[in-house]
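Here is the structure we will look at, set down as structure tokens.
The values are calculated or read from the model by the stated rules, or taken from the named source; none is laboratory data. Fair warning: this is a prediction, and the values are worked out from it, not measured in the lab. Don't worry about glycine lacking a Cβ; one is built from the backbone with ideal geometry, like all the others, and counts go over all protein chains shown.
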Amino acid sequence: MAEPMGFYTDTTVCIGCKACEVACKEWNQLPATNGGVNTLSGDSYDNTRRLDGIHWRHVKFIEQFPEDRKDGRWLLMSDVCKHCVQAACLEVCPTNAIIRTEFDTVVIQSDVCNGCRACIAACPFGVIDINPVSNTAQKCTLCYDRLQSGMEPACSKACPTDSIQFGTIRELRERAGARVQQLQNAGEKRAHLYGADEKMLGGLNSFYLLVDKPEVYGLPPDPKMPTRNLVPGSLFSILGALLVGLIGIVNFRRRGAGEVKEARP
Amino acid sequence: MKHRLITALTALVCSSACSSPETARTRGDGPGADLGNRDPIVRMHEGSKPYAGTPRLIPTPPPPLDPADQADRLSRR
């Protein structure tokens, strides 16, 4: 297996140009609009709004402004599939359409997917959605076809500020650690890495440098695998079955006793 | 009877303790729950074409890779 590859996204240098979104769509032949219909968000400069079947990259605009609009803050973050080391989508896929590649990335095979949507519910980050053209679940492939040819993914290649960086996870973690240190030394004490270590789903192969709580960026602070409920769920099921069986036995015993009493003269 | 009961209870506890290979997976630690791909180099069906198998309204040949090559040559890296 090749060395695990991934993205490190430094949100502090993202300028929200959406070049990554365009590059992603261009390379993967995704439509610019859903069936030719342009939908404006109406409350934000961000008009693509979310990751879905035709947006495999999405630059989030977190626009924090007070009522008087005198002061404000923009947080920009290019969001993508996290290519989790412990992938919830892969775990639940009933057709084995979701595979793990030699680069440790997670890819959906469109021709194997039956569109059951189990992965959509399982993904703790809300990354996967149905592509309306193919009617199958789709998401970022980390440009698997480009990786196989020794090329960099389209989004990181197009990023003008190097907010999205591509490389081996080992190298990216070193780079990210140095940047956090630099920001903290400069006074940005809230700078931290999201998903770089193994605590979160074994590690995210696409991790982020954030300068606020993950919730502010719409990221779950503690994502979980769907199988976390397997053991307690199984035990409660067994307990429930035993209880129902016991109730049945008790009821039938009572009914039997009543029948015997009625039969007596 | 006692032996059977113990066996049944053990089987119940063991079955309830089953977990996915994904839950214990570490970085670069093989295919995990991806049961169909054990080879070191994964072979995808149809490459990574998002519209593989989807009927097209207008049959078109695959796009040329020249623009990508050009971008690669002109890019800063």
Sole residue being touching a His at 6+ places or on another chain (Cβ under 7 Å) and within 13 Å of another protein chain (Cβ to nearest Cβ), chosen from A:Val92, A:Val106 = A:Val106
Taking the stated definitions as given, is A:Tyr45 surrounded by fewer than 22 Cβ atoms within 10 Å (Cβ to Cβ) and either in contact with a His (Cβ under 6 Å, 6 or more places away or on another chain) or among the aromatic types (Phe, Trp, Tyr) (or both)?
-> yes
Quick one: which of A:Gly35, A:Gly53, A:Gly6 is under 23 Å from A:Thr141 (Cα atoms), of a type in the set (Gly, Ala, Ser) and at pLDDT 95 or above?
-> A:Gly6
Options A:Val59, A:Val37; residue that is more than 14 Å from every other protein chain (Cβ to nearest Cβ), on the phi < 0 side of the Ramachandran plot and touching a Gly at 6+ places or on another chain (Cβ under 6 Å) = A:Val59
Of the criteria (1) out of contact with any Gly (no Cβ under 7 Å at 6 or more places or on another chain); (2) surrounded by 11 or more Cβ atoms within 10 Å (Cβ to Cβ); (3) assigned by TED's automatic domain parsing to the domain that holds A:Asp46, which one A:Ile238 fails = (3)
Quick one: in segment A:1-17, of everything that is of a type outside the set (Asp, Glu) and over 19 Å from the mean Cα position of the chain (by Cα), which residue is nearest to the other protein chains (Cβ to nearest Cβ)?
-> A:Met1
Residue check for A:Cys113: part of a loop (DSSP other than H, G, I, E, B) and surrounded by 23 or more Cβ atoms within 10 Å (Cβ to Cβ) | yes
Would you be able to say whether some residue in segment A:201-217 is closer than 22 Å to B:Arg27 by Cα and surrounded by fewer than 18 Cβ atoms within 10 Å (Cβ to Cβ)?
-> no
Scanning segment A:56-71 residue by residue, those touching a Cys at 6+ places or on another chain (Cβ under 8 Å) and not in a loop (DSSP other than H, G, I, E, B) turn out to be A:Arg57, A:Val59
Residues of segment A:123-149 satisfying the condition of being surrounded by fewer than 20 Cβ atoms within 10 Å (Cβ to Cβ) and more than 10 Å from every other protein chain (Cβ to nearest Cβ) | A:Pro124, A:Gly126, A:Ile130, A:Pro132
In segment A:31-63, what residues are within 20 Å of the chain's Cα centre (by Cα) and touching a residue at least 60 places away in the same chain (Cβ under 8 Å)?
-> A:Arg50, A:Leu51, A:Asp52, A:Gly53, A:Ile54, A:Trp56, A:Arg57, A:Lys60, A:Ile62
For the subset of segment A:64-87 comprising residues that are charged (D, E, K, R) and surrounded by fewer than 21 Cβ atoms within 10 Å (Cβ to Cβ), which member is nearest to the chain's Cα centre (by Cα)?
-> A:Arg73
The lone condition A:Val244 fails out of (1) surrounded by fewer than 13 Cβ atoms within 10 Å (Cβ to Cβ); (2) modelled with pLDDT under 95; (3) part of a helix (DSSP H, G or I) is (2)
Hey, A:Cys155 hits all of (1) in a helix (DSSP H, G or I); (2) over 19 Å from the mean Cα position of the chain (by Cα) but one; which does it fall short on?
-> (2)
Report yes if some residue within segment A:82-103 is touching a Lys or Arg at 6+ places or on another chain (Cβ under 8 Å) and within 22 Å of A:Val211 (Cα to Cα); otherwise report no.
-> no
Members of segment A:205-241 that are facing chain B (nearest Cβ under 10 Å), outside any loop (DSSP other than H, G, I, E, B) and in contact (Cβ under 8 Å) with a residue 24 or more places away in the chain = A:Pro226, A:Thr227
Those residues of segment A:88-105 which are within 21 Å of A:Ile169 (Cα to Cα), free of Cβ contacts under 8 Å to residues at least 40 places away in the same chain and outside any helix (DSSP H, G or I), in sequence order | A:Ile99, A:Arg100
